[in-house]
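Some notes on the structure that comes next.
The values are calculated or read from the model by the stated rules, or taken from the named source; none is laboratory data. Keep in mind that what you see is a predicted model, and the values were worked out from it rather than measured. Reconstructed Cβ throughout: ideal geometry from the backbone, glycine too, with neighbour counts over all protein chains shown. Just the protein is used for accessible areas: all its heavy atoms, side chains included, with ligands, DNA and RNA removed. Shrake-Rupley method; radii C 1.70, N 1.55, O 1.52, S 1.80 Å.
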Amino acid sequence: MPRLLGVDIPNEKKAVISLTYLFGVGDQTARDLCRKAAVDEDKKARDLTDQEISRLSMILERDYTVEGPLRRHVQQNINRLRDIKCYRGLRHRVGLPVRGQRTKTNARTRKGPKKTVAGKKGVKDLR
């Protein structure tokens, strides 16, 4: 299993697809990486030579912000928003959607599982 920047990339997938397992590398960036490193996109990851892997990692470290440094950068941006107490920072702090989505019926991913309120009167109880 090839290892790039501390991440094991899958053996059975094509090189382009397995590069997307790195945080910060999407489809287009993976294609650009393969072109720059002169790696065949259709080649399986297990068939990559040590020289090709070292070229890929060298280009990644030199030209792109990925994995740890990118995660740190994103976290610093979120902490900055929290510190200046802007609207987006408050939403991050409370754990609600940040980008204007509705929360009355959706947002279960951010809010977590339903918290049922005990003793709440229903329509049938009002008679």
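Below, the figures for the structure above:
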quantity	calculated
Other-chain or far-sequence residues with amide H under 5 Å of L4's (modelled H)	I9
Matching label, Cα extents along the principal axes in Å computed from the structure shown, candidates (i) 39, 30, 22; (ii) 77, 37, 21; (iii) 42, 35, 20	(ii)
The chain: angle of helix 50-63 to the longest principal axis, Cα-based, in degrees nearest 10	50
Mean Cβ neighbour count within 10 Å, used as a protection proxy, ranking 49-61, 9-21 highest first	9-21, 49-61
With every protein chain in place, segment 58-127: carbon and sulfur % of accessible area (1.4 Å)	52
Radius 11 Å from Cβ of D40, net charge of other residues (Lys, Arg +1; Asp, Glu -1)	0
Pairs of lysines in segment 9-127 (C-alpha under 17 Å apart; 8 or more residues apart or interchain)	7
By average C-beta atoms within 10 angstrom, highest first, the peptides 106-114, 66-74	66-74, 106-114
Highest to lowest packing among 33-46, 78-91, scored as the average C-beta count within 10 Å	33-46, 78-91
Accessible area expressed per residue, segment 2-127, with surrounding protein chains retained (probe 1.4 Å, Å²)	74
